[in-house]
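One structure is given here, and the rest of the page talks about it.
The values are calculated or read from the model by the stated rules, or taken from the named source; none is laboratory data. The model shown is predicted, which means the values in this text are computed figures rather than measured ones. Positions of Cβ are generated from backbone atoms using ideal geometry, with glycine treated the same way; all protein chains shown enter the neighbour counts.
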Amino acid sequence: MGKYLMFTVLLMAWLTGQSQDQVEEGQEIFMRHLESILESLDGEGIGKDALVERLEWLHMNPINLNRATARELSQLFVLNDWQINHLLEHIRQHGELISPYELQVIDGFDTMTIQAILPFVTLSGEHPRRHFGPLNMMRDGQQVLFLRYQQLLEQQKGFSPICQDELEANPNARYLGHPSRVYARYRYTYYQNVSIGVTAEKDPGEEFFRGTQSRGFDFYSAHLHLRDMGRLKALSLGDFLVQFGQGLTLWRGMAFGKSSESIGIKKNGMGLRQYTGVDENDFMRGLGATCAIGPFELTAFWSSKKRDANVLAIRDDGTPVISSLQLSGLHRTPRELEGRNAVKEEIAGGHISWSRQGVEVGLTAFRMRLHAEYQRRLSFHNQFDLSSNSYGGLGVHYQYLYRSLNLFGEAAVGDNGRWAFLSGLMISLHRNLSLALAHRHYDRAYQNPLSAAFGENTRTANESGLYLAADIRISPQLRLNAFADHFRFPWMKHRTYMPSRGSDYMVNLQYRPERHIELILRFRKKSKPLNARDENARIRYLDPVSRTQYRLHLAYPLTKNLSLRNRLEYVIHQHGKDRQEGFMVYQDVLYRNLDSPFALTLRLALFDTDGFDARIYAYEHDVLYAFSFPFYSDKGMRSYLLIRYRLHRQVDLYLRLAQTFYTNRRDSGSGLDRIEGNTRTEVKGQLRLRF
């Protein structure tokens, strides 16, 4: 496979248009931000597909810097509140921007920040009010259709032949459907005011237009979302997301945490938003609306949908008895299908906020009910987890913004009277120096299943911590990001059967002398204990566990059309006396040519780790707005080839072939996903139509 890819790159001399290159550059900057977050979460991101969906929305509907509000500018992710404040103040004092490079004279805007937002902004002088007549919407609206297909070429055990007698004796011994993943999405947008869309997906192993899936795809999602129509600020019908405050009370969808953008810890809740992802659980389905009355904004929403659960029994009245909710969204075997749409989930709530002259205060309340009886399997470490079929939450959030000072926070309480607090400070002491400080305390029995606040845990509970970060612009080309996070867990956790504490440190040095030349040096060390691996010990105790990471990343152009990216990463994982080490090195080749409809990306990576604990994550280029973030473990090499061909100005075709080759094992995966052999090859194709 590796020889095939290297041979192919020598034959290719293809490229795409300049605007598309800018979009990919912007996508890569955002993905690098997401990459460092997912590393902290061991690849288990919250709503990670929502980020790539948001990039598409921003590309098709760029934000007008001269007309945008603070809330609209916060959608760019990389801009913090004081950068937004300085931008708005600059426009008020000096008039509208003529060129985006005027941003360089505004406090907080450097070359790196400007390049990150360029693909998603505009300076058009057009007035933001739209005419919503049928002719205008047909003429100026944009429609996009995505069709995507992917499949592993090697045969997994779940798709291998089996005799009928054995299958009848164990119906869960094989998957029911085809090994392909099929994805389709249609979306219509009218500027940033109207969004109408339908999304459908079938996972590998699920049936398709037959058997248990006679209606075709396993998952369907549809939405109608309206924005900024006078006093009606938002209206969502169908599938949508709800995001308020700092995520302590109510936050569905993507939630950023610690990353290389060290001071970017403050969340900017978007309120109601359309949902176009394929996570089958983390969204609302129903109706929501936001209205503005002077300095007040009022939001009300209601959601009702069925979701998967692990069913223990069915009572005489038809009520299911469940042990937990399922999150995978997979329905490949009869056992997995037993829990499909087993529980009805209802959520209703509201939000009211008041804002004026940099001050904002908001109140959020909701009630969630599951039409089921919970019989959670409780143990010592999880005895405070939610085990009721009903839960209500109430929270207050605030922020105060004055010049380069931003105070923010939220306090929330649940039905059981347990609290959670988060307070933070972001300040720009100098044009080249910014600091962030955040303190959090989440009670061990705070049980909110709809929260997604900043922290070390994936759950917002059983945690206290103090976070300090700095962003230092040493020169226009040299930038230093660093953070230190000290945290403690007052109660036991999974794999940690004692109260514990830990720390997380990161230093990231970025040097960018020119637009296409970049050097990154990163050091990160995280320490938090886990249960000792001594199975003969009579008394439980904790072993110190640390993970130290060193990274060297270099990107540079060889010619006008050919650029290279290199990364070397080394990891040390220490669990008591057990030490695992690993390294990964990759070479990326990117070929572009403004006069050709082709574009090509190639990677060849070598990795050698002592085990799973020393695994290394790395973001990979994928078909447009898709997501690939595999980890490298054991020994071997991984390569992929991504080709884009522009059939027409409105039609793009993507092809991707990726393979992992192991040198120290003869199989990969486990259970029904097990592959006999030392290779794992995936093919993916995507067609995008714009009209």
Is it true that some residue in segment 553-564 is in contact with a helix residue (DSSP H, G or I) (Cβ under 9 Å, 6 or more places away or on another chain) and loosely packed, with under 15 Cβ neighbours inside 10 Å? no
Which one is surrounded by the most Cβ atoms within 10 Å (Cβ to Cβ) among residues in segment 397-408 that are farther than 16 Å from ALA469 by Cβ and touching a residue at least 40 places away in the same chain (Cβ under 8 Å)? HIS397
Inside segment 137-174, can you point out the residues that are in contact (Cβ under 8 Å) with a residue 40 or more places away in the chain, part of a helix (DSSP H, G or I) and among the polar types (S, T, N, Q)? ASN172
Within segment 105-117, does at least one residue satisfy the condition of being among the aliphatic types (A, V, I, L, M), within 33 Å of the chain's Cα centre (by Cα) and not in a helix (DSSP H, G or I)? yes
Need the failing condition index for SER387 against (1) in a strand (DSSP E or B); (2) surrounded by 15 or more Cβ atoms within 10 Å (Cβ to Cβ), just the number. (1)
Inspect all residues belonging to segment 255-277 and state whether any of them is closer than 30 Å to GLN510 by Cα, in contact (Cβ under 8 Å) with a residue 40 or more places away in the chain and among the aromatic types (Phe, Trp, Tyr). yes
Answer residue from segment 593-617, given it is over 28 Å from the mean Cα position of the chain (by Cα) and assigned to a loop (DSSP other than H, G, I, E, B) and is surrounded by the fewest Cβ atoms within 10 Å (Cβ to Cβ) among those: ASP595
Go through segment 312-354 and report how many residues are of a type in the set (Ser, Thr, Tyr) and touching a helix residue (DSSP H, G or I) at 6+ places or on another chain (Cβ under 9 Å). 2
Given (1) within 23 Å of PRO499 (Cβ to Cβ); (2) modelled with pLDDT under 95; (3) not hydroxyl-bearing (Ser, Thr, Tyr), index of the condition HIS439 fails: (2)
Only one of these conditions is not met by HIS648: (1) in contact (Cβ under 8 Å) with a residue 12 or more places away in the chain; (2) closer than 27 Å to GLN143 by Cα. Which number is it? (1)
What pairs can you find where one residue is in segment 442-458 and within 24 Å of LEU468 (Cα to Cα), the other is of a type in the set (Asp, Glu), and their Cβ atoms are less than 8 Å apart, with a gap of 6+ or different chains? TYR442/GLU463; ALA453/GLU410; GLY455/GLU463; GLU456/GLU463; GLU456/ASP485; GLU456/ASP504; ASN457/GLU463; THR458/GLU44
One residue from ASP588, ASP634, ASP613, ASP578 being of a type in the set (D, E, K, R) and more than 30 Å from TYR541 (Cα to Cα): ASP588
Taking the criterion of being within 30 Å of ARG479 (Cβ to Cβ) and in contact with a Gly (Cβ under 8 Å, 6 or more places away or on another chain), would at least one residue in segment 257-264 satisfy it? yes
Go through (1) within 27 Å of ILE114 (Cα to Cα); (2) more than 24 Å from the chain's Cα centre (by Cα) for GLY502 and report which single condition fails. (1)
Taking segment 589-609 and keeping residues β-branched (Val, Ile, Thr), in contact with a Ser or Thr (Cβ under 9 Å, 6 or more places away or on another chain) and under 24 Å from LEU647 (Cβ atoms) leaves VAL589
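Among the candidates ALA309, ALA300, which residue alone is among the small types (Gly, Ala, Ser), in contact with a strand residue (DSSP E or B) (Cβ under 9 Å, 6 or more places away or on another chain) and crowded, with 17+ Cβ neighbours inside 10 Å?
ALA309
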So is PHE629 under 28 Å from GLN549 (Cα atoms), in contact with a helix residue (DSSP H, G or I) (Cβ under 8 Å, 6 or more places away or on another chain) and at pLDDT 95 or above or not? no
All positions within segment 315-366 that are surrounded by 15 or more Cβ atoms within 10 Å (Cβ to Cβ) and acidic (Asp, Glu): GLU336, GLU345, GLU346, GLU360
With respect to HIS381, is the statement that it is more than 22 Å from PHE240 (Cβ to Cβ), surrounded by 14 or more Cβ atoms within 10 Å (Cβ to Cβ) and either at pLDDT 90 or above or not basic (Lys, Arg) (or both) true? yes
In the list TYR275, TYR220, which residue meets the criterion of being more than 30 Å from PHE483 (Cβ to Cβ) and either under 15 Å from the mean Cα position of the chain (by Cα) or among the acidic types (Asp, Glu) (or both)? TYR275
Within segment 548-576, can you find the residues that are free of Cβ contacts under 8 Å to residues at least 24 places away in the same chain and charged (D, E, K, R)? LYS560
Restricting the first residue to segment 111-125 and requiring it to be among the β-branched types (Val, Ile, Thr), which pairs with a second residue that is assigned to a loop (DSSP other than H, G, I, E, B) and surrounded by 21 or more Cβ atoms within 10 Å (Cβ to Cβ) meet a Cβ separation below 6 Å and a spacing of at least six or different chains? VAL121/LEU65
